[in-house]
Amino acid sequence: MEQLISLYERWLHVPRWQKWILILIFGFLLTALIYYFQILPLKEELNRKNKEIESLTLTVNRLKIVEKRRQLLVKELESLNKQIEQIESRLPTGKEDVSQIIKSITDADSGMVVKLIERQKEKRHRYYIEFPYKVELIGNYPDFIKWCEKLSKANRIINFGDMKIESIYSLKRDWQKSQRNFIPRGSTIKATLKIKAFTLTE
């Protein structure tokens, strides 16, 4: 207690300007201590949090980009699945009769008359079986084109092979006479074509 009283008495005898200097020095030291032990750690914590926020923001942005890509991929997959379903619907089951398909197309007001449907020797491959057919038709050229379009849309994988189109008037008279009852009015061509149907091997 006496020491405090002694310090106080000394303080009273210190000149005023020295008192202000001491107060300023003490205030500066106190401020420095507060800054070093309180404010500086808070600043470091704030910087660390800001870096974490920046990192999280980048992660969120990347996730948004990934989500957009995922949505695009989902749409592409849906489109591809629809295409696959359409293709699968056209895959042969092995039960379709190509002759019946040709006849049904021809009979449906096609303007063409089938003169011949001849199934030739099948060819076996590793994953599928090929069934070649020779077909002869009589009609006119526009109707023949429509007939080919209908056949290409049939529920069966069918490929067109060699094709020969002849004018009826250029054929021999004997053939014309023999076919007189089978040639529709307005017919101008005889078409001979080879087509191939396919069946998957089991």
Among the candidates K95, K49, K115, residue that is at pLDDT 85 or above and of a type in the set (K, R)
K49
Residues being under 20 Å from I189 (Cα atoms) and not in a strand (DSSP E or B) - total across the stretch 120-154
12
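The values are calculated or read from the model by the stated rules, or taken from the named source; none is laboratory data. Please read all numbers here as calculations on a predicted model, not as lab measurements.
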